[in-house]
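Visitor: One structure, pasted below without further comment.
The values are calculated or read from the model by the stated rules, or taken from the named source; none is laboratory data. Since the model is a prediction, treat every value here as computed from it, not as a measurement. Methodologically, a virtual Cβ is constructed for each residue, glycine included, from the backbone with ideal geometry; neighbour enumeration extends over all protein chains shown. What goes into the accessible areas is simple: the full protein's heavy atoms, side chains included, and nothing from ligands, DNA or RNA. Shrake-Rupley method; radii C 1.70, N 1.55, O 1.52, S 1.80 Å.
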Amino acid sequence: MDTTDKLTEIFKEFPGVGVRQARRFVYFLMSRNGEYANNLIKLVSDLKKEISQCNECYRFFISNNGKICEICKDSNTDTSLLMIVEKDSDLESVRKSRVYVGKYFILGGLVPIVEKTTKSRVRIEELKTKVKKESAKIKEIILAFSLSPQGDHTDFYVRSQLKEIAEQNNIKLSSLGRGLSTGTELEYSDNDTLKNALKNRQ
Ligand SMILES: [Zn+2]
């Protein structure tokens, strides 16, 4: 494998990028000068140095050596609400929309429909531990996964895993309403759609 193949393999792992697009990225980099490449290398390396994963919600954030992100630290956050999302970009869209003021938890993926080893893929044990620990504060857990068969399956799976703890502690389990149309990714939803989905949660 030469360098172009190796780079293509790396770009192919990026979300939403196929092999042809990965190749185009490589050719694009070839056409740029050395300064462009050095700047890219520096930014990637800085990113890894500056970023931490929050101990509470598992989002990536610019840490300055902190362990808890600014959302989890914020005293204005409504601690009675916990929203479970698939990934960082979903959290960012909900946060930007300003329609939700509670806490978040990033599950780290969707649960595959036909796979037996779900536990290793998503943070379900971490989620259960968190809910147990904060059961006195949490009044509602909102499941906010994309409206796809895999999103529905994840919704079903997380509900079944949290059912007992929720019942014992009087915590309501809800899912984002059908304001989002089928196949919609949370991260691409606009403010009105998110607002409706949140209002119509059930
Ligand atoms: Zn956090």
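Visitor: As a test of the formula, what do you get for the chain when each DSSP H run with n ≥ 4 contributes -39,500 (n - 2.57) and the sum is divided by the residue count, at 222 nm and rounded to the nearest 500 deg cm²/dmol?
Guide: -14500 deg cm²/dmol
Visitor: Any idea how far apart Lys12 and Lys49 come out in nm if each label point goes 7 Å out from Cα toward Cβ?
Guide: 3.2
Visitor: What distance in nm separates the simple spin-label points at Asp192 and Lys133, each placed 7 Å from Cα in the Cβ direction?
Guide: 4.1
Visitor: Same structure, new question: Measure off, as a whole percent, the carbon and sulfur share of the 1.4 Å-probe accessible area of the chain, all protein chains present.
Guide: For the chain, the apolar C and S fraction of the accessible surface comes to 51 percent.
Visitor: Separate question: Quote to one decimal, in nm, the extra length available between Asn170 and Thr77 on full extension: 0.36 nm per residue of separation minus the C-alpha distance between them.
Guide: Full extension of this stretch gives 31.4 nm more.
Visitor: Please calculate how many Å² of accessible area the chain carries per residue, with a 1.4 Å probe and no DNA, RNA or ligand atoms counted.
Guide: With all protein chains present, the chain gives 62 Å² per residue.
Visitor: Return the long-range amide H neighbours of Leu143 (sequence gap of 5 or more, or a different chain), with a cut-off of under 5 Å between placed amide H atoms.
Guide: Residues meeting the amide H criterion: Ile84, Ser174, Ser175, Leu176.
Visitor: Of Lys103/Lys163; Lys132/Lys163; Lys67/Lys199; Lys49/Lys73; Lys133/Lys195, which ones are farther than 23 Å apart at the Cα?
Guide: Over 23 Å apart, Cα to Cα: Lys67/Lys199; Lys133/Lys195.
Visitor: Take the chain, connect every pair of alpha-carbon atoms lying under 10 Å apart with a spring to form a Gaussian network, then pick out the residue of Asn38, Asn191, Asn170 with the largest mean-square fluctuation.
Guide: Answer for the Gaussian network model of the chain: Asn38.
Visitor: What are the extents of the Cα atoms of the chain along their three principal axes, listed from largest to smallest and rounded to whole Å?
Guide: 59, 38, 36
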